[in-house]
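Okay, structure first, notes after.
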Amino acid sequence: MSGEKVATGYVVFDLEATCWAGGLEQAPSEIIEIGAVRFHLAPAEGKLQEFQTFVRPFLAPKISEFCTELTTIRQADVDAAPGFPEALAAFHRWSASEGDFILAAWGNYDGAQIARDCAKHGIDNSFESVSYVNIKTTFAKHLGLSRSMGLGGALRKLGLRQEGTAHRAIDDARSVVRILQSGVAEGL
């Protein structure tokens with residue numbers, strides 16, 4: 001392969017961010033949870049490796065009641081969490097701990113939100129040069145759908161139950177991996 005980097009697997013991740021009822025933002029959304037699962041196309045036996053951290057927001061440090069109801073993330077969870085720069089650095093170290101990888105998420109929102117939060121904090125995006133796969137699009141193509149669908153709809157389409165809590169980053173990342181394990185990964 002003449003010096004080309006070969007990815008050792010995928011890091012499937014999901015984010016949760018601050019939100020308010022009716023979309024009435026009090027400040028730009030900020031990441032409050034990062035959840036990820038390492039996925040290999042030829043998975044080794046054993047438990048999948050996972051990463052999860054809450055993130056303390058700084059523009060609007062108080063989580064709205066709507067956000068807590070949607071995500072189950074409590075004020076105490078984010079108050080005790082690292083700030084975004086520290087959380088992102090920990091996520092990147094974990095992601096790269098087994099070598100080169102491809103970042104994957106359900107849609108483009110998650111990658112774009114990391115870039116927005118890096119800009120807010122004035123830090124480099126350590127994932128900027130990493131290949132990114134939109135699993136939502138891959139899923140639609142794999143099933144020959146005319147348009148993409150949400151994560152919950154995709155699980156139902158495959159006859160899979162929602163496990164864990166919807167709108168919790170670690171549980172949604174696990175759900176995306178379950179979709180990949182159902183055969184969608186062949187389209188990667």
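The figures follow:
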quantity: Calculated [θ] (222 nm, deg cm²/dmol) that DSSP helices of n ≥ 4 give over the chain, each run adding -39,500 (n - 2.57); calculated: -10500 deg cm²/dmol
quantity: All lysines inside 21 Å of residue 62 as judged from Cα atoms, apart from same-chain residues fewer than 8 positions distant; calculated: 120
quantity: Amide proton proximity set for residue 33, modelled H, under 5 Å, gap of 5+; calculated: 16, 55
quantity: Residues in the range 82-110 reached by a label modelled at residue 27 [backbone nitrogen below 13 Å; 7 Å Cα→Cβ]; calculated: 83-84
quantity: For the chain, with +1 on Lys and Arg beta carbons and -1 on Asp and Glu, the positive-most of 127, 182, 70 along the dipole; calculated: 182
quantity: Highest-MSF residue in the chain out of 23, 159, 83 [GNM, Cα springs under 10 Å]; calculated: 23
quantity: Nitroxide proxy distance, nm - points 7 Å out along Cα→Cβ at residue 126 and residue 79; calculated: 2.8
quantity: 0 to 90° range, to nearest 10: angle between helix 84-96 axis and the chain longest Cα axis; calculated: 10
quantity: Cα gyration tensor, the chain - rounded (a/c under 1.5), prolate or oblate; calculated: oblate
quantity: Using alpha-carbon coordinates, inclination of helix 109-121 to the longest axis of the chain, degrees; calculated: 40
quantity: Förster radius 25 Å - calculated FRET efficiency between residue 93 and residue 40 (Cβ-Cβ, nearest 0.05); calculated: 0.85
quantity: Candidate lysines - alpha carbon under 20 Å from residue 157, same-chain residues fewer than 8 apart omitted; calculated: 136, 141
quantity: DSSP beta bridges in the chain [antiparallel fraction, %, rounded to 5]; calculated: 65
quantity: Added length on full extension, which subtracts the Cα-Cα distance from 0.36 nm per residue, residue 62 to residue 157; calculated: 30.5 nm
quantity: Rounded to whole Hz, the Karplus (6.51, -1.76, 1.60) HN-Hα couplings of the range 158-163, x for glycine and proline; calculated: 8, x, 9, 7, 5, 10
quantity: Neighbour-count order for 63, 31, fewest beta carbons within 10 angstrom listed first; calculated: 63, 31
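Only the coordinates and a few stated rules stand behind these numbers; no lab work does. Bear in mind the structure is a predicted one, so any value in this text is a computation, not a measurement. For neighbour counting, all protein chains shown are included, and Cβ atoms are generated from backbone atoms with ideal geometry for every residue, glycine included.
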